[in-house]
1. Could you check which residue among 56, 24, 73 shows the biggest mean-square fluctuation in a GNM of the chain with a 10 Å Cα cutoff?
2. Taking 0.36 nm per intervening residue step and subtracting the Cα-Cα distance, what contour gain separates residue 5 from residue 54 on full extension?
3. Please list, in order, the residues from the stretch 52-76 whose amide nitrogen is less than 17 Å from a point placed 7 Å along the Cα→Cβ vector of residue 17.
4. Considering the alpha-carbon set of the stretch 1-51 alone, what are its Rg and its Dmax in angstrom?
5. Working from Cα positions, state the angle (0 to 90°, nearest 10) between the long axis of helix 4-27 and the longest principal axis of the chain.
6. Radius of gyration and Dmax for the chain's Cα atoms, expressed in Å?
7. Ranked highest first by the average count of other Cβ atoms within 10 Å around their residues, in what order do 9-18, 75-84, 26-35 fall?
8. Sequence gap at least 6, Cα distance under 8 Å: using those rules, report the relative contact order of the stretch 4-90 to the nearest whole percent.
C-alpha cells in the first residue's frame, strides 16, 4: 500500500521547488537556471494543454497543481520501487 502522506510531502516539496525555480527564473531574466525545464517538467507538461493567452493567475494555479501531481506520482513510484526491492530481497 502506498503511503499517501509521504507522497503528499513529495508533492508539497515539488510545489516549493517549482515556486522557487519560477521566481528565480522570473526575476533573474538575464540568467538562465540550469535544469529549470527538468525541475518543473510536470508543470510544463500540464501547461502544454492550455493556450498561451490564458491569464496569469489560472496559469499559476495550473503550474502549481501540475507540480504537485507530478511530484506526488514520483513519490508514489519511489515507494513502489522500494517495496518491490524489499519483496525481491526477502524471497
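A short reminder: the numbers here are calculations on the coordinates, not readings from a lab. Bear in mind the structure is a predicted one, so any value in this text is a computation, not a measurement. With ideal geometry, Cβ positions are generated from the backbone for all residues, glycine too; neighbour counts draw on all protein chains shown.
1. Residue with maximal mean-square fluctuation among 56, 24, 73: 56.
2. Details: separation 49, 0.36 × 49 = 17.64 nm, distance 3.24 nm.
Difference between extended and current length: 14.4 nm.
3. Zone members listed by number: 63-76.
4. 13.2, 46
5. 30
6. 15.9, 55
7. Details: 9-18: 18.0, 75-84: 13.5, 26-35: 8.6.
Result, highest mean Cβ count within 10 Å first: 9-18, 75-84, 26-35.
8. Result for the stretch 4-90 is 45 percent.
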